[in-house]
């Protein structure tokens, strides 16, 4: 068959790109436009092989082989197939398992079945040498692509280079067309001027990425977090709240904050009594800002999304979740809120929901988290959604609610 196929070792491509652009191979140090990368690979493969593209195979690792947001985006793109190996953490380092074997099997199978005339390999791993040799014996031309190495380092197996029929280098200019270094010291770019947005929501949108998130392979997909949020809260804590204790994660739990509120004055002597931590919880059944004797607001009149969703809409939602929603936690919260608002279609109900900020009514909150669990956002030790992701999910939820309520708020105040 006169067609070309591209096999991409994502760990090599993105790790080498991170080394080139950010000085270290951590993928959390770069921002990737996956659609741009795929388009660039297709264009260059067709130009260099002179054959139309059959398919791009994207090989990557993921915890428990659960697709991450970037994999969800990639696998619904035309002519892209995602193959996942396992991702394990040993001695503080992430390592892929099964990716090389999957690439070897695909390479050999494509050549044996004469599915294409040219195969492009974007990898540096010498373990693929037997597969490359097998493909050549079946009459397939093998093109080996390298990522420009940082500081002159060699990032490909010399045996692969020697065995390849053709070799090309993806240079800095090609890489930077779709990949750029992340500014880990600065804040995420704030949205455009929105004077009607509450300060708490604006703080969520402009907050920097916590350093703890950058240590995980999924961190590149998380773009909106606050520097000092409470567990499950939708707004960062006030500046007067004490910091999280040493050794804890960036996102403290209500238990952490309660302990800080009791012990802060004794642990850190000060001329004036230290203020207690303000506990903000996004569900009716957790900590809130209420004072002694205060009653929780009535939420019984607010329907859940399931109650206002028809069978046809449920099917359409599932189709959109598979094909259009990436699974980024912040986006998941927005999508859920958008559907709830559109189907309730009642400004009074929307105002009622908005008045509960920063708490998500308990029934809606549980439904929101169950929806998020569909996208593989479960922490794998307790089948619970990670605190970092919970915060982002609820921030996205409140951002969408806030974006739909300014007009009604202005009318009421006038």
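Could you calculate the FRET efficiency of residue 351 with residue 33 from 1/(1 + (r/R0)^6), where r is the beta carbon distance between them and R0 is 45 Å, rounded to 0.05? Mind showing how you got there, number by number?
Working: r = 38 Å, r/R0 = 0.84.
That pair, residue 351 with residue 33, gives E of 0.75.
Mind giving me the nanometre distance, one decimal, between the label points for residue 88 and residue 137, set 7 Å out from Cα along Cα→Cβ?
It works out to 3.0 nm between the two label points.
Please compute the Kirkwood hydrodynamic radius over region 100-164, one decimal place, Å, based on all pairs of different Cα atoms.
Numbers: mean 1/r = 0.0833 Å⁻¹.
Its Kirkwood hydrodynamic radius stands at 12.0 Å.
Run the numbers for residue 313 and residue 300: contour at 0.36 nm per residue of separation, minus the present Cα-Cα distance, in nm. All intermediate terms of the calculation are to be shown ahead of the outcome.
Numbers: separation 13, 0.36 × 13 = 4.68 nm, distance 2.36 nm.
That pair, residue 313 and residue 300, stretches by 2.3 nm at full extension.
Using only the Cα atoms of region 18-139, what semi-axes does the equivalent ellipsoid have when each is the square root of 5 times a gyration tensor eigenvalue? Give whole Å, largest first.
25, 19, 14
Label points 7 Å out from Cα along the Cβ direction at residue 65 and residue 342: separation in nm?
3.4 nm
How far, in nm, would the chain grow between residue 180 and residue 161 when pulled straight, counting 0.36 nm per residue and subtracting the alpha carbon separation? Provide the component values of the computation, followed by the final result.
Working: separation 19, 0.36 × 19 = 6.84 nm, distance 2.70 nm.
Extra length from residue 180 to residue 161 when fully extended: 4.1 nm.
Want the number for residue 149 to residue 97: 0.36 nm per residue separation, take away the alpha-carbon distance, what's left? Before the final figure, lay out each step's value.
Details: separation 52, 0.36 × 52 = 18.72 nm, distance 2.39 nm.
My answer for the length gained is 16.3 nm.
Does anything in region 19-35 have its amide N under 14 Å from the 7 Å Cα→Cβ label point of residue 168, and if so which residues?
none
Each reported figure results from applying straightforward, stated rules to the coordinates on display, with no laboratory input. Quantities reported herein were computed from a predicted structural model and do not represent experimental measurements. So basically every Cβ, Gly included, is an ideal-geometry build from the backbone, and we count neighbours across all protein chains shown.
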